[in-house]
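Read the structure below first, then the notes.
The values are calculated or read from the model by the stated rules, or taken from the named source; none is laboratory data. Fair warning: this is a prediction, and the values are worked out from it, not measured in the lab. Here the Cβ positions follow ideal geometry from the backbone for every residue, glycine too, while neighbour counts run over all protein chains shown.
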Amino acid sequence: MHNEDFYINGAWVKPNSPARLDVINPATEAPCATIALANQADVDAAFGAARAAFPAFSQTSKAERLALMREILAQYEARAQDMADAIRTEMGAPAAFAMDAQVWAGSAHIGATIEALEKMAFESRRSDTLIMHEAIGVAALITPWNWPMNQIACKVAPALAAGCTMVLKPSEIAPLSGLLFSEIMHKAGVPAGVYNMINGDGPVAGNAMSGHAEADMVSFTGSTRAGILVAKNAADTVKRVAQELGGKSANILLDDVDLEDAVTGGVDAVMANSGQSCDAPTRMLVPAHLHDRACDIAAAAAAATIAGDPQAETTTIGPVISQQQFDKVQGLIEAGLEDGARLVAGGPGRPAGLNQGYYVRPTVFGEVRPGMRIEREEIFGPVLSIMPYETEDDAVRMANDTVYGLAAYVQGKDMARVRRVARQLRAGQVQINAPEWDLFAPFGGYKQSGNGREYADWGIHDFLEVKALIGHG
């Protein structure tokens, strides 16, 4: 792998910047690689290549882009084990989860985008006017560390499908998968300059990308705090900004729910990926008379969650990503105790027997009340808050009482009632009774959870401009 190189204009190149950064394996707290950090000159080179490639690539046919994307998918699948190994190393993800969830997500989104592109029409007529949907231009793509292939695929695939060229900056905390993805793109024969990749941090590289004069749009996934900075920086050049940001998703359990299944499933959904998912159902709202029983079920489910060595078959969750994230999660667990929430499972410190690595005890709080820090702030760790409610209206009010609006969850047996509650929730995606993942449903948020939508045709549309050709002829 080209750890200290960038991929620009169809080739691996040495960076202009002398800055380097050690990549830390969160399971061992030891460096596992060193990467280069881009400066303004590196960013300029990448956008220069993307701008030069745009006129030709934007005029390619849908059939040509489909052929390219099918080859990318084939090359991706051929490197699946290498990708799983990279994600296990950079994130501490358990081996099975790295392959079956993290790597699978990338191939699933590329495949869904291919299927959406096959069905998409880029021109239509309204009387004498031709409505055209064409590539917006050069896209700056900034992706996070928590689901690296999910988010890279959700941006690169629709950008290619639309006919855009691009510059990708994966997270510098977990960059190995992005480097490997660039090898895959090269092997697939992506034309020079269409896809470019640099590594770098937010204050230097991310800032240079989001404000770059050659970027026609920015697609960013990350924290709300960082997303605000991206939007402000992009405003000077009036570029489009698509963002998928933070979340504090409510999971409403109605009083006719199968409590054992719903609570166990809710705990598992929070603990997966060590709690590092922006749409995790981290606030479980339960009828007050079922609260204590729900806490007992949740405690058992948390006890069955095994944090440990990513290569051990018994491990279900790995560490959180970094010392900074570990410290943040520990601080919020302490805040839950200080604010008077009842500790149901887990608590501060590392799990028993784990003295190295950024491991967090699978933690559940009961009797969580509105206004507590663990109820308001996105923890991004394996921590669940259980909140009692009195009436259905109370549950809806509590669920919506947040600055976020990425996802929400409702569970119950009376489907008319479930759907009535779901319709009142201010979130971009509401899941009912733990459905299968829908790769063709729009994904994105209300309020401070962002703007724009990803997945399949929804993602492609974010990278398109609308043009009207008016008149006869």
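Test M387 against the stated conditions and say whether it is in contact with a His (Cβ under 9 Å, 6 or more places away or on another chain), closer than 30 Å to Q330 by Cβ and assigned by TED's automatic domain parsing to the domain that holds V286.
Details: in contact with a His (Cβ under 9 Å, 6 or more places away or on another chain): yes; closer than 30 Å to Q330 by Cβ: yes; assigned by TED's automatic domain parsing to the domain that holds V286: yes.
Yes.
Out of the residues in the stretch 352-381 meeting the condition of being surrounded by fewer than 17 Cβ atoms within 10 Å (Cβ to Cβ) and closer than 18 Å to N25 by Cβ, tell me which one is farthest from the chain's Cα centre (by Cα). Per the criteria, the residue is N355.
State yes or no: is I142 modelled with pLDDT of 95 or more and touching a Gly at 6+ places or on another chain (Cβ under 8 Å)? Spelling it out, I142 is indeed modelled with pLDDT of 95 or more and touching a Gly at 6+ places or on another chain (Cβ under 8 Å).
Quick grid of which residues meet (1) among the polar types (S, T, N, Q); (2) surrounded by fewer than 21 Cβ atoms within 10 Å (Cβ to Cβ); (3) within 28 Å of A468 (Cα to Cα); (4) touching a Cys at 6+ places or on another chain (Cβ under 6 Å):
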residue	(1), (2), (3), (4)
D128	no, yes, yes, no
W145	no, no, no, no
A157	no, no, yes, no
A161	no, no, yes, no
G202	no, yes, no, no
A205	no, no, no, no
D216	no, no, yes, no
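What do you reckon, is L469 over 26 Å from T224 (Cβ atoms), over 15 Å from the mean Cα position of the chain (by Cα) and among the aliphatic types (A, V, I, L, M)?
Numbers: over 26 Å from T224 (Cβ atoms): yes; over 15 Å from the mean Cα position of the chain (by Cα): yes; among the aliphatic types (A, V, I, L, M): yes.
The answer is yes for L469.
When residues in the stretch 56-107 are screened for being surrounded by fewer than 23 Cβ atoms within 10 Å (Cβ to Cβ), of a type in the set (V, I, T) and under 28 Å from S274 (Cβ atoms), 1 of them pass. Among the residues of the stretch 49-77, those identified as in a helix (DSSP H, G or I) and free of Cβ contacts under 8 Å to residues at least 40 places away in the same chain are P55, A63, E64, A67, E77.
Residue by residue, here is whether (1) touching a helix residue (DSSP H, G or I) at 6+ places or on another chain (Cβ under 8 Å); (2) surrounded by 17 or more Cβ atoms within 10 Å (Cβ to Cβ); (3) within 29 Å of D85 (Cα to Cα) holds:
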site	(1), (2), (3)
D279	no, yes, yes
R283	yes, yes, no
V286	yes, yes, no
A294	yes, yes, no
A304	no, no, yes
P319	yes, yes, yes
Q325	no, yes, yes
D339	yes, no, no
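Looking only at helices (runs of 4 or more DSSP H) that lie completely in the stretch 215-303, which have at least 2 residues being on the phi > 0 side of the Ramachandran plot and in the same structural domain as Q102 (by TED's automatic domain parsing)? Full working, then the answer.
Details: elements: 224-235, 259-271, 291-303.
Because the criterion is at least 2 residues that are on the phi > 0 side of the Ramachandran plot and in the same structural domain as Q102 (by TED's automatic domain parsing), no helices (runs of 4 or more DSSP H) in the stretch 215-303 meet it.
Condition check: buried (at least 19 other Cβ atoms within 10 Å of the Cβ) and touching a residue at least 40 places away in the same chain (Cβ under 8 Å). Does A427 satisfy that? Yes; evaluated as a whole, the condition is true for this residue.
Taking the condition in the same structural domain as W147 (by TED's automatic domain parsing), within 24 Å of I136 (Cβ to Cβ), small (G, A, S) and not in a helix (DSSP H, G or I), does A205 pass? Please lay out each step first, then the result.
Numbers: in the same structural domain as W147 (by TED's automatic domain parsing): yes; within 24 Å of I136 (Cβ to Cβ): yes; small (G, A, S): yes; not in a helix (DSSP H, G or I): no.
No.
For A41, the conditions (1) at pLDDT below 95; (2) exposed (fewer than 14 other Cβ atoms within 10 Å of the Cβ) all hold with the exception of (1). Does at least one position in the stretch 322-329 carry a residue that is part of a loop (DSSP other than H, G, I, E, B), in contact with a Phe, Trp or Tyr (Cβ under 7 Å, 6 or more places away or on another chain) and in contact (Cβ under 8 Å) with a residue 60 or more places away in the chain? For the stretch 322-329, residues part of a loop (DSSP other than H, G, I, E, B), in contact with a Phe, Trp or Tyr (Cβ under 7 Å, 6 or more places away or on another chain) and in contact (Cβ under 8 Å) with a residue 60 or more places away in the chain: present.
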